[in-house]
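Each remark here refers to the structure printed beneath this line.
The values are calculated or read from the model by the stated rules, or taken from the named source; none is laboratory data. Note that the structure is predicted; figures quoted are calculated from it, not measured. As a convention, Cβ positions derive from the backbone with ideal geometry for all residues, glycine included, and neighbour counts pool all protein chains shown. Remember, those area values only see protein heavy atoms, side chains included, never the ligands or the DNA or RNA. Shrake-Rupley method; radii C 1.70, N 1.55, O 1.52, S 1.80 Å.
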Amino acid sequence: MRICYLGCGAWGLVLANVAAENGHDVTIWSIEHDVLDSIASGNGHPKFPSYKLSDKLKIEKDLEKAIQEKDAIVESVTTKGIRPVFSKIRDLGGVNCPIILTSKGIEQNSGLLLPEILLEVLGPDYQMQVGQLSGPTLADEVMAKHPSSAVAAAYSKKVAETIQEIFTSPYFRIYVSDDVNGVALGGSIKNVMAIASGIAEGLGYGHNTKAAIISRGLHEMKRLASVKGAREETLNGLAGLGDLCVTCMSSLSRNYRFGHMIGTGVKQDAAASNINMVVEGASTVISAKQLADKYDLEMPITNAVYAVLVDGLDPKEAVKNLLTRERKEELV
Ligand SMILES: NC(=O)c1ccc[n+]([C@@H]2O[C@H](COP(=O)([O-])OP(=O)(O)OC[C@H]3O[C@@H](n4cnc5c(N)ncnc54)[C@H](O)[C@@H]3O)[C@@H](O)[C@H]2O)c1
């Protein structure tokens, strides 16, 4: 298949490489021309010099040329990049092939999940072309070919199977689903929980605390699922619980590392510039809080992360507030 890959950060590069190693004809487009030049000259990505890339990867700096005559478009341009990049694609006349989202987040103010942003920008006629790939997939571990799995969700079974076709490999197993919002939602909220888990570790707390954040974080995801037309069982799977586990437990997760620094007293700006890549959870927490307020949903961990990052509450106070809430039953 001829594939246009939009975005060339850690995840874009790794997924583009998986597709190229699977024998697909992959062209990468990015706004970072220096990165594209470095890849074209065989020097790899400046930020990820250890990644050994397929020499079949092509680059294209012109978006119009990049999207021409393709069988699929895949993006990893971050939540904030989706609207501007696909607005340009719309103005260039659009595309007739599947569009595969791999970023994870919720847009601020609109409260839209990524597939919802795409349909708002391109129009509802695009519904049967849209898919979302998500799951417990740390870029470094997929690059190292550690056995990994993810879910390809689409409104059309054919599109879901196209995603499966592009990325399935001996170390990467892709399951299909028709719950597009469920798969998109799981990947977005887990980044908020990863920040909470990192903060807990930074404060010196151990595994009990992280297990509580994972379990109660899953409840918060499910509450949001109820207003986003997503299915609870999807969140029990790879795109929900699976991704929650990996990001809440691994220092390879940048959201977790960001939270860890906040927990040890590092200022937010310093933590973000230390990571030097997008920390989606820091932005998603604002969108999630907006949705929770709008629909009157109880999302205490989300509120606690918001209070720390946005209101400047001391993380220790946030933990105290969480633990001294009104007593309640587990499953309500
Ligand atoms: N890194 C991972 O392990 C991983 C795994 C799964 C999903 N994700 C998700 O994939 C997305 C990208 O993550 P990443 O690790 O590649 O981040 P990154 O910070 O390494 O790279 C971000 C990419 O987005 C591009 N970009 C940002 N704003 C843009 C805009 N307005 N227009 C065009 N391009 C823009 C940048 O140029 C860069 O290529 C995020 O939503 C992340 O949550 C990451």
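Is it the case that some residue within the range 277-299 is in contact with a Ser or Thr (Cβ under 6 Å, 6 or more places away or on another chain), of a type in the set (Val, Ile, Thr) and not in a helix (DSSP H, G or I)? The answer is yes, given that some residue of the range 277-299 is in contact with a Ser or Thr (Cβ under 6 Å, 6 or more places away or on another chain), of a type in the set (Val, Ile, Thr) and not in a helix (DSSP H, G or I).
Just one residue in the set 151, 176, 180, 159 is of a type in the set (Val, Ile, Thr) and over 19 Å from the mean Cα position of the chain (by Cα); that residue is 159. Can you tell me which residue within the range 208-234, out of those that are hydroxyl-bearing (Ser, Thr, Tyr) and modelled with pLDDT of 95 or more, is most open to solvent (accessible area, probe 1.4 Å)? Filtering first and then ranking leaves 215.
Pairs meeting the criteria (first residue in the range 1-21 and near the ligand (Cβ under 10 Å from one of its atoms), second residue modelled with pLDDT under 95 and among the aliphatic types (A, V, I, L, M), beta carbons under 9 Å, at least 6 apart or on different chains) are 9/277; 9/278; 10/277. When you look at residue 171, is it at pLDDT 95 or above, closer than 28 Å to residue 314 by Cα, aromatic (Phe, Trp, Tyr) and open to solvent by 10 Å² or more (accessible area, probe 1.4 Å), yes or no? So residue 171 does not fit the description; no.
Table: residues versus (1) more than 17 Å from residue 101 (Cβ to Cβ); (2) open to solvent by less than 10 Å² (accessible area, probe 1.4 Å); (3) small (Gly, Ala, Ser); (4) not in a loop (DSSP other than H, G, I, E, B).
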{"position": "8", "(1), (2), (3), (4)": "no, yes, no, no"}
{"position": "11", "(1), (2), (3), (4)": "no, no, no, yes"}
{"position": "14", "(1), (2), (3), (4)": "no, yes, no, yes"}
{"position": "18", "(1), (2), (3), (4)": "no, yes, no, yes"}
{"position": "39", "(1), (2), (3), (4)": "yes, no, no, yes"}
